Amino acid sequence: MLPTKLKEEATQRRKRACEGSLACSTCHVIVMDMEYYNKLEDPTDEENDMLDLAYGLTETSRLGCQVIARPELDGLRLALPAATRNFAVDGYKPKPH
Ligand code: FES
């Protein structure tokens, strides 16, 4: 079990600041196995634009909010980058477009 402080920080860092609207990169994840990465839908241009802003980008990076869980992805292993860029903190609420 994670110590509370670390757990809070981990939750804060993975807050999905834009709630999946492709306006941040706080949901950046790294797919650990190329086999599984190749099973994912290709990222859109908008996702790639946000990934370009992600800290610690790798060739198997994705935005977690854009990955749709499907049965064939059972066993998918993800890593979280060491850091993230989150410009929206402390009570920020995304505005509807
Ligand atoms: S939560 Fe902002 S792009 Fe995924």
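The values are calculated or read from the model by the stated rules, or taken from the named source; none is laboratory data. All values derive from a computational prediction rather than experimental measurement. Cβ placement follows ideal geometry from the backbone for every residue including glycine, while neighbour counts extend to all protein chains displayed.
I need the full set of residues from the stretch 32-75 which are of a type in the set (A, V, I, L, M, F, W, C) and either in a loop (DSSP other than H, G, I, E, B) or farther than 21 Å from CYS18 by Cα (or both), in order please. Result: MET32, MET34, LEU40, LEU53, ALA54, LEU57, VAL67, ILE68, ALA69, LEU73.
In the set GLU72, GLU35, GLU19, which member is of a type in the set (Asp, Glu) and either at pLDDT below 85 or in contact with a Phe, Trp or Tyr (Cβ under 6 Å, 6 or more places away or on another chain) (or both)?
Working: GLU72 fails: either at pLDDT below 85 or in contact with a Phe, Trp or Tyr (Cβ under 6 Å, 6 or more places away or on another chain) (or both); GLU35 fails: either at pLDDT below 85 or in contact with a Phe, Trp or Tyr (Cβ under 6 Å, 6 or more places away or on another chain) (or both).
Only one candidate passes the filter, namely GLU19.
Could you tell me whether THR44 is exposed (fewer than 13 other Cβ atoms within 10 Å of the Cβ) and at pLDDT 90 or above? Even if it seems obvious, please write down each step before you answer.
Working: exposed (fewer than 13 other Cβ atoms within 10 Å of the Cβ): yes; at pLDDT 90 or above: yes.
So THR44 fits the description; yes.
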